[in-house]
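Encoded as C-alpha cells, the structure appears first; notes follow it.
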Amino acid sequence: MSRVGFLLAEDEAVKNILSNLTVTDDRNNSRSIDVFFRYPESETERSYPFITIEHIDIIHARNRQHSESDIFFRTGAGNVPAIPANSANRMDYWPSVSSTFSFKTEKNNYGYLEANEHVPVDLLYQISTFTRTALHDRQLTAKMLTEVFPWRRGFIDIGADNTIRRLDLLDWTTADLLDPEAGYRKRIFRKVYTVQMTAEIPSSRIVGRHAVEQVVGNAEVINSVNGSVYNMVEGSSEVFSD
C-alpha cells in the first residue's frame, strides 16, 4: 500500500523510480543498487553502488497559483448534476492522500465535497549516486539522464492520489570523493542531481454540501450572451428532483 500524506507520498514515489536500477561489471554480472534516504552511516549498510535521496527545499509555486476559488468533488450520492471534466472548479483528488476521498467515511451523506483551492508548491530533491568504478559511474549516469530524469519529459506517478506530476532535472554535477575506508587512496565516483517535483498543499478542510432542492423564486436569464446572470422573480418557487 502506498504511503499517504504530504512529503511521505512524494518521498516514496522518488524512491520507487530509483529502486529497480542495476549496473553490470566486466563479466556482465548484474548488480542491484540500494537506495537510502540520506547517507548511510553504518559501514555495513554501504554496498557500492548506492543512491541517496535528500529533500532540500519547498518553494511556493506562485506561477501556478490561481485566484481564490472553491473546488468541488461529486460524491455520486443522489441524483446531483455532474461537474464538467474541464471545469476549473472540479476536484478530482486530495493531494498526496486519495483520488476517491475514501478517507471521508461520511461523504455519501452529501452530494458534493467542497474545499478551497490547493496551494501549489515545488519540492526540490538532491539525488546522489556513489560508485567505486568508472564503468559503474558511466552506466548509472547514462540511466539517470535517459531513463530516470530525462530532460523536457520528466514525470512521476504518485500512487497515493493517482496523479502524474512534473519531475524536472534542474542540474547535475560531478562531486567525486576520496574513500576514507581505503585510507583516502581510492576514489568514490559521485554524481549529484537536483530535481524539482510539482506538488500541492491543501489550504482548507473538506466540507460536505447538499444539492439545491428548492429555489424560492423563479430564475430568469437576463444575460443572453452566456446565460450566466439570473434574476429572481418574487412569489414563485421551483423544486429540483432528486
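A few notes on this one:
- Here's the list of lysines a cross-link from Lys186 could span, going by alpha-carbon distance under 29 Å and ignoring same-chain residues fewer than 8 apart: Lys15, Lys143.
- The ellipsoid that matches the Cα gyration tensor of the chain has semi-axes, each √(5λ) in whole angstrom, of 53, 17, 14, with the longest given first.
- Exposed loop sites here are GluC sites (Glu not before Pro) assigned a DSSP state other than H, G, I, E or B and surrounded by at most 12 other beta carbons within 10 Å; excluding them, the longest clear run of the chain is 107-212.
- Applying both filters, DSSP loop and at most 14 other Cβ atoms within 10 Å, to the trypsin sites (Lys or Arg not before Pro) of region 172-204 gives Arg185, Lys186.
- Each helix, a run of at least 4 DSSP H residues, gives -39500 (n - 2.57); summed and divided by the residues of the chain, these come to -2500 deg cm²/dmol at 222 nm.
Computed from the coordinates by the stated procedures, all read-outs in this text should not be read as laboratory data. What you see is a predicted model, and the numbers here were worked out from it, not measured in a lab. With ideal geometry, Cβ positions are generated from the backbone for all residues, glycine too; neighbour counts draw on all protein chains shown.
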